[in-house]
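Have a look at the structure below, then the notes.
The values are calculated or read from the model by the stated rules, or taken from the named source; none is laboratory data. Owing to the predicted nature of the structure, the values given are computational and were not obtained by experimental measurement. Note that each Cβ is placed from the backbone with ideal geometry, even for glycine, and that neighbours are counted across all protein chains shown. When the accessible area is computed, the model is the full protein with side chains, heavy atoms only, and any ligands, DNA or RNA have been set aside. Shrake-Rupley method; radii C 1.70, N 1.55, O 1.52, S 1.80 Å.
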Amino acid sequence: MSAYQNDIKAIAALKEVNGNSWSAINPESVARMRAQNRFKTGLDIAKYTAAIMRKDMAEYDADSSVYTQSLGCWHGFIGQQKLISIKKHLKTTNKRYLYLSGWMVAALRSEFGPLPDQSMHEKTAVSGLIEELYTFLRQADARELDLLFTALDTARAEGDKAKQDEIQAQIDNYETHVVPIIADIDAGFGNPEATYLLAKKMIEAGACCIQIENQVSDEKQCGHQDGKVTVPHEDFLAKINAVRYAFLELGVDDGVIVARTDSLGAGLTKQIAVTKQPGDLGDQYNSFLDCEEVSAADLNNGDVVINRGGKLLRPKRLASNLFQFRKGTGEDRCVLDCITSLQNGADLLWIETEKPHVGQIKGMVDRIRQVIPNAKLVYNNSPSFNWTLNFRQQVFDAMVAEGKDVSAYDRTKLMSVEYDETELAQIADEKIRTFQRDGSAHAGIFHHLITLPTYHTAALSTDNLAKGYFADQGMLAYVKGVQRQELRQGIACVKHQNMAGSDIGDNHKEYFAGEAALKASGKDNTMNQFH
């Protein structure tokens with residue numbers, strides 16, 4: 001017997017126990033409301049989605065073609081519409097997640113207004129967005145189930161037993177819109193205690209997966225900007241531990257931690273690591289510093305020196321009081337960061353790169369997997385990359401290496417529209433299309449995400465509407481470019497009253513007041529124009 005039928009029986013028994021005072025209670029209405037409210041708390045969601053991620057990680061280990069994907073969402077409605085679209089077109093949410101981008105929280109969710117991605121936004125904006133996303137996803141469940149319940153009632157009224165059985169099976173086997181969120185905690189917003197406190201808020205809101213980066217918290221920069229400053233491994237590992245303790249305290253034992261390294265593009269550190277003996281983790285970190293050998297006589301007032309192997313080394317210190325790494329050490333530092341993080345509690349890796357190049361990523365992952373064979377990446381398919389230019393240049397370089405004639409192309413101008421229909425551009429577009437598949441097969445990428453795609457789609461669609469509406473197209477710009485497309489493509493929110501919960505409210509009114517209910521969905525509701 002299904003959970004739905006079990007709930008009907010249980011409420012019917014409870015109703016009988018409570019006698020006539022419960023005579024107005026319909027057990028099936030209660031069962032429907034329970035089905036529409038499957039997840040009672042954020043912790044329920046975190047435990048449920050953590051199990052999904054662990055299952056998906058194990059399946060990827062067995063078969064790298066079953067990677068996972070997400071798009072970054074900056075509002076609950078955006079996340080909701082994404083999942084509704086996935087269910088509509090692909091029939092399942094399997095292997096599809098949501099990504100919560102710190103960049104978009106800073107740019108779109110701060111009370112200070114738009115801010116750069118430098119951890120200046122309110123900490124609570126992150127957990128607030130997680131809660132908002134899951135509120136909208138749970139409402140998507142309630143709405144879709146409400147439509148099924150209405151269809152079931154219609155089939156009963158028409159005496160269509162086959163249709164009743166079909167709809168009942170959809171209710172009994174309903175797939176929720178609630179999916180895992182990979183949530184960005186930036187560099188932890190302070191010391192390990194601050195990281196732990198914020199991680200708790202995020203988990204309580206529903207996060208099963210937290211991504212944390214190895215930058216200095218108060219110097220944090222966007223991963224695709226200059227001026228990044230990393231911390232010694234021990235500092236970063238303390239924050240990984242803080243997040244794990246938060247998961248375990250709250251009973252989310254399967255919680256997932258993504259350790260992100262920005263070392264590939266970070267040339268600076270704020271601290272010289274503590275080291276107790278040659279070759280320990282602190283000594284390895286310090287070995288990448290840009291140093292010069294000095295004698296005691298060479299020392300200036302306030303100089304910092306390192307004793308390594310009996311030699312005095314003076315690290316290059318900038319006017320900002322930051323220390324500089326040797327050029328060309330970024331990849332080695334990334335590999336050490338990743339190995340160290342996985343050996344100390346992280347589950348997945350994130351290597352922030354300067355371009356989307358499978359070969360570059362594979363080179364680092366292969367080195368990591370020499371130590372940890374099942375190492376897996378979360379990879380940022382970033383809008384900060386010029387994908388068209390990058391891949392056209394990759395194809396151009398490959399053609400040169402193969403001795404092909406490239407005289408028809410100017411490598412510096414390959415973004416130009418004049419190349420769009422060329423063989424080179426078509427090869428590049430195919431490589432872009434298969435980038436995620438190729439990266440997962442060859443470079444250990446378990447999860448592909450785009451950090452801020454819906455930031456760009458909102459801007460693009462608004463531009464297209466404003467361009468016509470405020471010019472000579474007037475209302476036609478909206479009707480032709482938006483509403484007509486919604487109707488023809490079956491976009492659910494064309495019936496915006498229904499999407500906002502009007503029909504759910506009508507059904508609740510009928511549960512509560514019976515025939516006396518004043519409902520909004522009568523013949524004069526203009527939403528009836530949309531069929």
Taking only C-alpha positions in the stretch 1-62, Rg and Dmax in angstrom work out to 17.5, 58
What order do you get for 499-512, 138-151, 13-26 when each peptide is scored by the mean count of other beta carbon atoms within 10 Å, highest first?
138-151, 499-512, 13-26
Rounded to 10°, Cα long-axis angle of helix 233-249 versus longest principal axis of the chain:
20 degrees
In whole angstrom, note down how far apart the Cα centers of the stretch 315-372 and the stretch 484-509 are.
48 Å
Taking Cα atoms, the helix 453-469 axis meets the longest principal axis of the chain at an angle in degrees (rounded to 10) of 60 degrees
List every residue whose amide H lies under 5 Å from the amide H of Asp184, counting only residues 5 or more places away in sequence or on a different chain, with H placed 1.01 Å from N in the peptide plane.
Leu100, Gly102, Gln211
Could you tell me the accessible area of Trp74 in Å² (1.4 Å probe, neighbours in place), rounded to the nearest ten?
60 Å²
Helix 502-513 sits off the longest principal axis of the Cα atoms of the chain, rounded to the nearest 10 on a 0 to 90 degree scale, by 50 degrees
Using alpha-carbon positions, what is the distance between the centroids of the stretch 187-214 and the stretch 274-312, in Å?
34 Å
Considering only protein heavy atoms, what per residue accessible area in square angstrom results for the chain with a 1.4 angstrom probe?
49 Å²
In whole percent, how big is the carbon plus sulfur part of the accessible area of the chain, probe 1.4 Å, protein atoms only?
52 percent
Amide H of Lys228 versus every other amide H placed in the peptide plane: which residues, excluding those fewer than 5 positions away on the same chain, fall under 5 Å?
Gly267
So what is the 222 nm mean residue ellipticity for the chain from helices alone, if each DSSP H run of at least 4 adds -39500 (n - 2.57) and you divide by all residues, rounding to the nearest 500 deg cm²/dmol?
-15000 deg cm²/dmol
